[in-house]
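Bear in mind these aren't lab numbers, they're just calculated from the coordinates by the rules spelled out. Just so it is clear, the model here is predicted, and its values are computed rather than measured. Cβ: placed from backbone, ideal geometry, glycine included. Neighbour counts: every protein chain shown.
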Amino acid sequence: AAFLHQAGEQAQSAAAFPEAVAHFGRALELLHTLPESPERDRSELREQMALGLIWFGVDRHGIPEAESALERARGLSERLGDRVQRFWALAGFQTISHYRGRQDAGHELLSECLALAEAEGDAGLMAWVYGVLTVLECNRGRHREALAHFDRFRALYDPVKHRALMSSWCGDAELYMQCQTGLSLWCLGYPDQARKRVEGAVREAHEIGHTLLLHLVLVRDVILRAWLREPEALSRQNEVVRSLGIEHGMPQLVTLTTFYGGWCLFQGGDWKRGAAVMEESLAELDAQQWAVWRPYYAAQLAEAYRRISRAPEGLGLVERGLQTIEGTGERIHEPEQHRIRGELLLELERPDPAEAEAAFRRAIEVARRQEARSYELRAATSLARLLRDTGRTDEGRRILSDVHSWFTEGFDTADLRDARAMLDELGEVELG
């Protein structure tokens, strides 16, 4: 069993997830032939934990198997009085919550994990929690908190002492977290810093050559390129991620790259084909039970629908997404969802400018609460355009100018260029 477990760990480190599951499963079968004893329980706990933490990474349909393994592991850890293994069982449940898009539930589980880590006085476990909180708080739209958790992670993390703890997770935890904070920096209104941080992480990940790390970092580069509205750069990285997904048997990752491929087509002006690819990919992600950022991907499809005279369908997608995040707490894209809803309301057979204005103002309100300046800028640009079209140019100029003047970088990005062009249309000529 020990040999099979070691083989499973090696396969997992190489991102050969189906092979790793097979090794862990065979080890568990061997253990079931042994009489019950504390030693056998400890060995079973190790295999159940390994299966619980890897199953859903192979196939989202494996989530029930993962939950079953983790529940058994939690029971064994309690029987053995092993707080560290109880920590990892709860961490596994948190990861499942993440992939189901349930960020608030994940936060509660991490609070339990942190209490166990503190009770053990284990800096490595505490660093792990703060690292995961860096991701989770970003997904909840709490970007200042995400950056603060990254600082706590760095204060505790020792790359030598904690390397073994973090290696199966992502290879180089600090580099992964550094890349993750790039997404929060973009949301907070620092696109140049975000690009610099993510591009640096990509270069280092290629040099390190750890498959899981490269996958995690490249996915975030693709995401950032979409937010920066850089379809050509996104397309290049997307192909690399796609190849990784095919090579290492990650079907959800392959489907996600297909979705972003459709987004690139849409951004390039091929609206119908782009919408069709995104539509098919979103259906496939649903079949694969991929729930992370599902409302955001639906909103991107809705924006494509707006361009091909399918605004009512798009409106339904966005409104269902807004209902979803009320239950999950995955609020990172909430300002953009409200903004896209406003744009769709203007494209209905009977446009509703009053409701659209309310949606844009709601987007600005939520963005300000999150300090998400980049999303606030988009919403202010949309609102200024509507106010211009309804005879309130001065108000639109004031609102957009106030947001635009806050920025100190990123003036070559698509969003800031659009805002600058709108200000020029509205009569604002001072360069910012």
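Could you give the distance between the Cα centres of region 121-176 and region 190-225, to the whole Å?
Cα centroid of region 121-176 versus Cα centroid of region 190-225: 16 Å apart.
On C-alpha positions alone, give me the angle between the axis of helix 2-13 and the longest principal axis of the chain, in degrees, nearest 10.
20 degrees
Within the set of other residues whose C-beta is less than 9 Å from the C-beta of Trp406, count the net charge using Lys and Arg as +1 and Asp and Glu as -1.
Charge balance in the 9 Å sphere: -1.
Reported to two decimal places, what Rg/Rh ratio describes region 281-432 when computed on Cα atoms with Rh from the Kirkwood expression?
0.99
Rounded to whole Hz and in sequence order, give me ³J(HN,Hα) for region 317-322 from the Karplus expression 6.51 cos²θ - 1.76 cosθ + 1.60, θ = phi - 60°, writing x for Gly and Pro.
Ordered by residue, 3J(HN,Hα) equals 4, 5, 5, 5, x, 5 Hz.
For the chain, build the charge dipole from Cβ charges (+1 Lys, Arg; -1 Asp, Glu) around the Cα centre, then report which of Val198, Ala73, Ile308 sits farthest towards its positive end.
After comparing all options, I get Ile308.
Let me see the P(r) profile for the chain: every Cα-Cα distance counted, bins of 20 Å, each bin given as a percent of all pairs.
Bins of 20 Å from zero give 24, 54, 19, 2, 0 percent of pairs.
Using the alpha-carbon atoms, what tilt in degrees (0 to 90, nearest 10) does helix 211-227 show relative to the longest principal axis of the chain?
In the chain, helix 211-227 runs at an angle near 10 degrees to the longest axis.
Provide the net charge surrounding Leu136, with neighbours chosen by a C-beta distance below 12 Å and charges set as Lys +1, Arg +1, Asp -1, Glu -1.
-1
Between the helical axis of 17-31 and the dominant principal axis of the chain, each derived from Cα atoms, what acute angle in degrees is found, rounded to the nearest 10?
For helix 17-31, the angle is close to 30 degrees.
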